[in-house]
Amino acid sequence: MKKIIIVPSFLLLLLIPKILTHAEPDYYQPAEESKEELMMDLFFSLLLPNVQEAVSNYYSDYLTTSPLVYPYQIKILKMERTNGYRGFLFLVTIEVTPVVGPHIEVGKDQLTFSISAGSGVSLKNFKHIETYELPKNWQDIIKEKEMFGMV
């Protein structure tokens, strides 16, 4: 009787990690080397100066060095066309992970941009989600100790 319970339980334990590791990402990822991936990379490249400006403005109050955002550290959370089918007014919400030095993550931020054919790109909302602790040898760039948990 114990074998009947133990064997299925053991098999279930072996299968659970397999099931969990094949979960879909929470955002769309185009196939590698596809035209969609090319378009996404182009979009990120065009949006990056606005992202970098917003991140630099925010962190200038807290750090002496402006963190960088690389295109591969941008995750699209939401994209919507706000004025109907084939309208060229969009709201795009992204999540970024700015870094300093040798890719040391300083935090996680959520940015919402309005993009239109006429007026270009404008930042609608900047939300700081999380602050990451910097290594000891990078703490000298911190201006605002409270934000980085160093009070």
Matching residues in region 89-106 - criterion: being touching a residue at least 40 places away in the same chain (Cβ under 8 Å) and not aliphatic (A, V, I, L, M): 98
Identify all residues within region 22-51 that are open to solvent by less than 40 Å² (accessible area, probe 1.4 Å), modelled with pLDDT of 90 or more and either more than 14 Å from residue 76 (Cα to Cα) or not in a helix (DSSP H, G or I) (or both); write none if there are none. 34
Just give me the residues in region 72-94 being touching an Asp or Glu at 6+ places or on another chain (Cβ under 7 Å) and either of a type in the set (Lys, Arg) or open to solvent by less than 50 Å² (accessible area, probe 1.4 Å) (or both), in sequence order. 75
Check on residue 63, within 19 Å of residue 132 (Cα to Cα) and touching a residue at least 12 places away in the same chain (Cβ under 8 Å): yes
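The values are calculated or read from the model by the stated rules, or taken from the named source; none is laboratory data. Computed from a predicted model, the values in this text were never measured in an experiment. As a convention, Cβ positions derive from the backbone with ideal geometry for all residues, glycine included, and neighbour counts pool all protein chains shown. Note: accessible area is taken over every heavy atom of the protein model, side chains too, but ligands, DNA and RNA are not part of it. Shrake-Rupley method; radii C 1.70, N 1.55, O 1.52, S 1.80 Å.
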